[in-house]
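To start, the structure itself, in structure tokens.
Every number here is computed from the coordinates shown, using simple stated rules; none is lab data. Computed from a predicted model, the values in this text were never measured in an experiment. Counting neighbours? That spans all protein chains shown, and the Cβs are built from the backbone with ideal geometry, glycine included.
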Ligand code: 5GP
């Protein structure tokens with residue numbers, strides 16, 4: 001999974017503080033882009049109301065998560081807000097090799113771990129329009145206890161300090177605009193010179209010969 005081969009998809013890493021709107025953005029991207037797959041992470045966090053095992057996360061106990069660490073099942077894993085989260089190799093590798101772009105929604109520690117492995121990814125940081133707005137979104141979401149909201153909000157300040165490690169930043173003031181920006185980034189990445197694969201360089205002498213033959217007719 002190191003260097004991107006021609007024909008392989010791109011690995012897109014979306015990070016940003018809890019409440020920045022990464023989930024909404026990636027769900028919208030998946031609806032619109034058939035070439036895009038989402039890598040379902042594994043976590044030891046308890047499922048929230050409405051979350052589905054195998055779709056939102058693979059929910060496991062801490063013990064089971066540690067067994068997967070032993071088996072070397074993860075591209076990266078981290079303890080985030082007190083729970084284990086990890087990107088499974090099996091979720092990522094096959095889809096990339098089949099030519100799909102694969103999106104990861106992971107925290108900053110995970111993104112930096114992937115970057116340190118020199119994996120060729122597109123690192124996008126999703127920002128809230130302001131910290132006040134972030135705080136209000138975390139409260140409105142109502143998925144966490146008061147203590148957890150404060151923990152996530154404090155972590156957000158630390159996470160924002162890592163922004164310079166990313167390739168792109170998208171401010172999520174309006175979901176539609178943020179999605180269009182991420183799509184533009186993905187499109188630009190597909191046009192990178194090192195991804196050129198569709199252009200056929202025919203034999204120069206053969207083409208000239210055909211041309212001369214035509215001229216002499
Ligand atoms: P939540 O509990 O709100 O679903 O996620 C908490 C944080 O964990 C979010 O910042 C989310 O992006 C991050 N996260 C989710 N999956 C992974 C993963 O596989 N690896 C890492 N490092 N972070 C993850």
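General remarks:
- With a Förster radius of 41 Å applied to the beta-carbon distance between residue 93 and residue 177, the computed FRET efficiency rounds to 0.80.
- Region 48-96 shape via C-alpha gyration tensor axes, a/c threshold 1.5: oblate
- Computed log₁₀ I(q)/I(0) - Debye formula, equal Cα scatterers, no solvent, the chain, q 0.15 Å⁻¹: -1.00
- Helix-only [θ]222 nm of the chain, DSSP H runs n ≥ 4, -39500 (n - 2.57) each, per residue, nearest 500: -13000 deg cm²/dmol
- For the chain, built as a Gaussian network whose Cα springs stay under 10 Å, the top-fluctuating residue of 142, 110, 99: 142
- The chain: most fluctuating residue of 206, 133, 62 per GNM, C-alpha cutoff 10 Å: 206
- The stretch between residue 132 and residue 194 holds 18.2 nm of extra length on full extension. This uses 0.36 nm per residue minus the Cα-Cα distance.
- Förster-model FRET efficiency, 35 Å R0, residue 207 and residue 187, C-beta, rounded to 0.05: 0.70
- Beta bridges per DSSP, both residues in the chain: antiparallel share near 30 percent.
- Global geometry of region 58-139, whether rounded, prolate or oblate, following the gyration tensor of its Cα atoms and the 1.5 cut on a/c: oblate
- Just checking the listed ones, 138, 96, 196: in the Gaussian network model of the chain with Cα springs under 10 Å, the one fluctuating most is 196.
- Stokes-Einstein diffusion coefficient of region 133-196, Kirkwood radius over Cα pairs, 4 °C, 1.567 mPa s, in µm²/s: 90 µm²/s
- In units of the compact-protein estimate 2.2 N^0.38 Å, region 1-109 shows a Cα radius of gyration of 1.06.
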